Structure formats: structure tokens, C-alpha cells
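Undergrad: Below is a structure I'd like to ask you about.
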Amino acid sequence: MSAHVEVISTEFKRVKITVTPSSYLIDVLHEACRKLNVSSDKYLLKHKQKLVDLSGPFRTSGLVSGAKLELVQKSSSPSVVSIALDVGGGRYTKKLPSDMTLWQVLRQFESTETQLKNITGRGAPRTTGSGSGQLYHEAPVVNILGKEYVELADLQKTLSQCGINGGSIVLRVTFRDTDTTLYEAMETIAGYLNEVEPAAPQQPKPAEKQEDGESTLPPAVEQPQQQQQQPTETTPPTAAQVPSPEPSSSTPAPTTKPTASPSLDLMDIDPLEPTTVFSAPTSSTPAAAKIEVDPSVYEPTIAHATLHQKQLEKRGQNIRLKSDDELAAAAAAEAATLAAIKKVEIKVRFPDMTLAQWSLDPTTHTGSVLYQAVRGAMAHPEQPFKLVRIGGSGAGGAQLVIRDDAKLLVKGYGLKARELLNVFWEEGASAEARNAPSLKASVASRAQEIVVPVPQEEMEEEDTTKNGAGSGSSVAKPAGKGHKNPFDKEKLGKFFKGLGGKK
């Protein structure tokens, strides 16, 4: 039984789209945009002032035949989607931007979840009648509410192009046997991605060293021969005896290692390494409190009293509120200040008082990148935590919580060129993580002590004292009987008494 819906464009043009109960609304959007001769990547559908979920079929949408749908423009900035990846009987969750492709989503889970060893480059051994064998590619199949994305071109669609523009969604991943060898599949994938996203050639990354001592190739296109020598976890024990496939005479073996695809490098977002690491203080007393200061510096002077009196007079005057033009000028000046920031130096204080500093790009790096960088330095990255900036008015000031989202650090959160953030454990964090060192061993080994700078005035006084003692010159002595002290306590007392208005 077929039905139809009417799609009304922003120019009030109407098109009729025939649908069935199993028709997906993302296909309805594509068909309507094709008939209206507009790009489907820039529009969404609304029904009665409510956005329509494009990821599901017509029968579950709650729409009726003849429903009138409005074509509305999509926001230029991507939204955050909560992704639950269901693969191999396990479920893994992550928050990702809606402009990330399905292939990038798979690569993201593959590179950050230790349980997911291989998704995109999976191979299974297969023997022939002669007894020889080799690894054949098992292609990933992504199922979104019953709709399957199998081909590599389908996996290059973004979450938004699949109808996912917010909220939560479950991606179920299965694997399909192919007749393509793993070596040929990896070359095809690299070649296709190079054509889709051409960029300057890059040198292959060296093997990275994991904490457990195993050497892993970069998450881009792995070397097929090494893949064949080290089968995946799903390979039976006899797979280790399967010989590596020899390149056929019709396909010459490449003389160099295949270069990692630029698009794969972008989608494999490795945790950013901290530029500087500082060890925790060894004493509970702050270093600044250990500096000995002459108590006389805290005695008020005539200058202090004069300044205080001027501030009282200023506060007693009426202040005119700023006009709209002045407020607009102040906002423009603030925006220009933020736009001029070329680099953000973020120092993060962990629960055990260790510090790590990152240098980030304000135009591309988001809260999600910052969270990933901090997780990469932590000993327990799987435990929940939050990043908090204390307000500029001290410990009692307003707090700013940086979220694991797609908002830019400067334009979205208003961070300055230099910021100090604090890591606080969430309620679900384990006691082991709370009591253990915050940084993992490879990062903590680079820690250095914080050097407290000596004030310039103290250094000059020490030099003067040393020079005077060594040369026999006279050293300044307290004022004698005939010396007038400009900071006489009697005069200061009378001056402060006069501030109260008594005569």
C-alpha cells in the first residue's frame, strides 16, 4: 500500500513524493531536493514546527498519508550525536559530530577502544583445493534502523546524510565475506579515499609502541602482509599456518609501502601529546608561601590612602549606563580580541596536583579534541571526569565546564590565549582511579619540577647587600632622630581617621 507526502520548499514550491511503509525519510528528503533542484545536504524536514527524524522508515515516523513537510535550512555547524556501536556482541558509546562519515566513525571506535582490534581491515583465512590459502577481506556492514550501508561509497556518507542530526542512535556492525583478498581490498580502499579526498602525499607513519609492549601499525591502511602473518582475533588457530599470498604476475608487487591515506589520518584522531608536564608538589605548603617577605611591605602608605579615598569618591558618583552603540562596540572589540588568538595554551591540573600543558589551535580544535588529549595522558582514561575552569574572580567565581562536544575552544567557550583547567572526577569514577596517580607512566616520566621565580626586587637587594659588604661601603641604616619618615604612623592614623568624615 503506497501513500504520499507533500514537501514545501522555502520558496513555497510543492512536490509530491510517493512513499511506502518501508520508505526511509532520508530518501524522501533526497528525492524532494532532487525534484526541487537543491542540495539535500543543506536542508532538513519539519512537520508541524517539529523536526522529523530522517533516520527511520515512514511507518515509525508517526506521519500519515498526505502529510505536509516543510523544507528548512540546516545549521552550518555540526551537532553532537551520541553513538552506540553494537559489534561482536559488545556495545561501545561515544559522542561524535554529525559531519563525521560512517567510515570515520568506525575508525574512531577502532582507534580508541582497546577491545575493538580491527573493524575496517578485517580478514579471514580461506584455503583452496590445493591446500594453499590466504586472507580474504571481510567488509563491514553498518545497519541503521534496518537500512544497511555496505559499499565503500555508502560508508563515506556522513551521519547527517544518513538522517542522523542529533540525539542518540545505535549503529549495528556485522561483517560480510567477499571474494577480494585483504591485500587488494586495502589497496582499493586507499585508492578510493585518495580520489575522494585528494591531498599532498604523506610519508607512512612508523609503528607505534603500546604500553603492553606490542607494536601496532598506524590506524590508516595497515600493511597487508603483516595483517596476513598476524590474523585477527576471530581467526581460528590454524590460520597462523596459512601462507602469505604471493602477488600474481598480472599485478606487480609494489616496491614501496603503501602511503597512509590522508583521509584516514584525519579520521584517526590520536590523543594529542602534552607539550610540558609538571610533577606534583612535594610539600603541602604552597611554594609562594615559603618566600620570606619583610612585614613592612604590608604597612599602608600615603599612596594607598590616597588611592582608597579616590575609589570611595568614584563609587559615590552616579554612573551612566552604556548605550547600545557602546555595548556593540565593546562586543566587537571582544570578538576581535578572540579572533586575534592564534594559539591556546591550556594547562590542566589533575586530581593528584600534577600539571600537563597542551598547545591547541583555536580555529579547529574543539572540546572533544581537548577531552581526547587529556584522556590520552591519563592512567585511567575510561573513568568519567570533567574539565572545569574557575572564574576570574577567584575560587568563589563562576565556573565554566568544558564539555566533550564540537564547540570550538575560543569561539564556542570563549577561552583566552592562556587558560588553567581542573580535572574533577565524576560520581561514577572508581576508587582505584581516584587514589592512583592521574598520569600514565609514559607521560609522568617526562614530568619536571615547577621552578618558582625569585622576584626581581629581592635579587637586586641581595646583590646590593653583597656588594656593600664586600667593598666596605656603608649599608642603609634605619632613620635616625633627625630623619623625617614620610610614612609616619601618627600622620597615617590621623589621615585614615579623616576618611571617616569626622573632624
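Undergrad: Among residues other than Leu327 whose Cβ falls under 14 Å from its Cβ, what is the net charge (Lys/Arg +1, Asp/Glu -1)?
TA: Neighbourhood net charge equals -2.
Undergrad: Right, here's the next one. At R0 = 56 Å, how high is the FRET efficiency between Thr188 and Gln399 if r is their beta carbon distance? Nearest 0.05 is fine.
TA: On the way: r = 51 Å, r/R0 = 0.90.
Between Thr188 and Gln399 the formula returns 0.65.
Undergrad: Report the normalised scattering of the range 3-73 as log10 I(q)/I(0) at q = 0.11, 0.17, 0.19, 0.26 Å⁻¹, calculated by the Debye formula with identical scatterers on the alpha carbons.
TA: Normalising to I(0) and taking log10 leaves -0.20, -0.50, -0.64, -1.30.
Undergrad: Residues of the range 157-195 with amide nitrogen under 17 Å from the 7 Å Cα-to-Cβ point of Tyr92?
TA: Inside the label zone: 169-175.
Undergrad: On to the next question. I'd like to compare 164-175, 371-382, 85-96: which one has the highest average count of other Cβ atoms within 10 Å, and what's the full order after that?
TA: Packing order, densest peptide first, comes out as 371-382, 164-175, 85-96.
Undergrad: Something else: Can you grab the distance from the C-alpha centre of the range 358-437 to the C-alpha centre of the range 76-123, Å, no decimals?
TA: Taking the Cα centre of each part, the range 358-437 and the range 76-123 sit 22 Å apart.
Undergrad: Under a point spin-label approximation (7 Å from Cα along Cα-to-Cβ), what is the Asn435-Arg315 distance to one decimal in nm?
TA: Placing both labels 7 Å along Cα→Cβ, they lie 4.9 nm apart.
Undergrad: Please provide three numbers in whole Å: the alpha-carbon extents of the range 89-178 along the principal axes, with the largest listed first.
TA: Principal extents (largest minus smallest coordinate, Cα): 53, 26, 19 Å.
Undergrad: Please label the shape of the range 343-453 as rounded, prolate or oblate, based on the square roots a ≥ b ≥ c of the eigenvalues of the alpha-carbon gyration tensor (a/c under 1.5 means rounded; beyond that, a/b larger than b/c means prolate, else oblate).
TA: It is rounded, given that a/c, with a ≥ b ≥ c, falls under 1.5.
Undergrad: Another question about this same structure. If each residue of separation counts as 0.36 nm, what is the full-extension length gain between Val388 and Thr337 once their alpha-carbon separation is subtracted?
TA: Here the answer is 16.1 nm.
Undergrad: So if I take the centroid of the Cα atoms in the range 162-182 and the same for the range 1-53, what is the distance between those two points in Å?
TA: 24
Undergrad: I would also like to ask the following. Hey, got the dipole for the range 80-169? About the Cα centre, +1 on K and R Cβ, -1 on D and E Cβ, debye to the nearest 20?
TA: Dipole of the range 80-169, to the nearest 20 debye: 160 debye.
Undergrad: Viscosity 0.692 mPa s, temperature 37 °C: what is the translational diffusion coefficient of the range 282-391 from Stokes-Einstein with a Kirkwood Rh over Cα pairs, rounded to a whole number of µm²/s?
TA: 165
Undergrad: How much length, in nm to one decimal, is gained on full extension between Thr282 and Thr10, taken as 0.36 nm per residue of separation minus their Cα-Cα distance?
TA: So the chain would gain 91.4 nm between Thr282 and Thr10.
Undergrad: Full extension from Gln73 to Gln357: what is 0.36 nm times the residue separation minus their Cα-Cα distance, to one decimal in nm?
TA: Stretched fully, the Gln73-Gln357 segment lengthens by 98.3 nm.
Bear in mind these aren't lab numbers, they're just calculated from the coordinates by the rules spelled out. From a predicted model like this one, the values you see are computed outputs, not experimental measurements. Positions of Cβ are generated from backbone atoms using ideal geometry, with glycine treated the same way; all protein chains shown enter the neighbour counts.
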